[in-house]
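The structure appears below as structure tokens.
The values are calculated or read from the model by the stated rules, or taken from the named source; none is laboratory data. No experiment lies behind these values; they were computed from the predicted model shown. Because the Cβ atoms are built from the backbone with ideal geometry, glycine has one as well, and the counts that use them run over all protein chains shown. Ligands, DNA and RNA are stripped out before the accessible areas are found, and what is left, the full protein with its side chains, is counted by its heavy atoms. Shrake-Rupley method; radii C 1.70, N 1.55, O 1.52, S 1.80 Å.
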Amino acid sequence: MRLTIIGSAGSYGSAGISCSCYLLQDRSTSIVLDIGNGSFSLLAGRIEPGEIDALFISHRHHDHLADLISFYHYLLFVPGARRKRPLLLASREPFDALALIFAVDLAGIFELKIVAGGESVVVGSMRMEFAVADHIEGTLATKVIGDAAQIIGYSADTAVTPSLVSFFAGVDLLLGESTWLERPGGISGGLHMTAEELAGMARAAGVRELVVTHVAFPATASAAAELARATFDGRVIAAEDGLVIDLEARANPDLP
Ligand SMILES: [Zn+2]
Ligand SMILES: [Zn+2]
């Protein structure tokens, strides 16, 4: 399974960095996790949007769904782009927000599916599992199992919770949010993770590799990754828009 980081910014974009969007691909299936503001043009540079099998929206904040409207209009107007009807997966809350914000007929373009924590969905050769995150109402984290049985976890936006530590136990790669380097004054707990909290969750879950993402400007992912390395012993990668991580190449270093 191959992960392409399309957008890695936390909460709002900044110069050259788009909001949350991650492309997962194996031999036959392509899934997009979130589609935050600024991400669609970069996504379309990495995959023909009409080839996307499913889009998962983790929660109703703009930095995770704003460019759905670009994806919708692309499929609506570009001749030949509507090769398939992509699955649109989310809890009920993002669907309610999308109906208010965009007021378009999403069901005319996408196959809408409401999912909840504890459920799983098969998309082509991949399987997605969902768990409730500790953020705003209706936020879901996910785990994606590809055709070579490799597992990528995505924290969405969340604070550390014991249930997510169990959910991510043993995943090959955790794409984890570290909105803050340090917890801001006035926010004593919940909502998001610091780099240290994320690293502690990755260590407790025994994940093999950690990608630190969703870092809010002016903090940087490389600074957050450096902090995470003090707590997590495995490989730590700073998310960067355009970065490709191929788990199969990792597992088979002899492959060309
Ligand atoms: Zn966010
Ligand atoms: Zn959020």
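Dipole magnitude for the chain: about 360 debye, using +1 per Lys or Arg Cβ and -1 per Asp or Glu Cβ, origin at the Cα centre. ALA66 sits among other residues whose Cβ lies under 15 Å from its own Cβ, and their net charge, with Lys and Arg +1 and Asp and Glu -1, is -3.
Put simply, the C-alpha atoms of the chain give a gyration tensor, and the ellipsoid matching it has half-axes of 26, 21, 17 Å, longest first. Taking SER11, SER163 and ordering them by how much accessible surface each has at a 1.4 Å probe, largest first, produces SER163, SER11.
Electrostatic bookkeeping for GLY138 treats Lys and Arg as +1 and Asp and Glu as -1; over the other residues with beta carbon under 13 Å from its beta carbon, the sum is -3.
The peptide list 156-162, 108-114, 194-200, put in order of mean Cβ contacts within 10 Å with the highest first, becomes 194-200, 156-162, 108-114. Taking every C-alpha pair closer than 8 Å and separated by at least 6 residues, the mean separation divided by the residue count of the chain gives a relative contact order of 18 percent. Leaving ligands, DNA and RNA out of it, work out the accessible area of ILE69 with a 1.4 Å probe and give it in Å² to the nearest 10. Estimated to the nearest 10 Å², ILE69 gives 40 Å². Look at the alpha carbon pairs under 8 Å that are at least 6 residues apart: their mean separation over the length of segment 210-256 gives a relative contact order of 37 percent.
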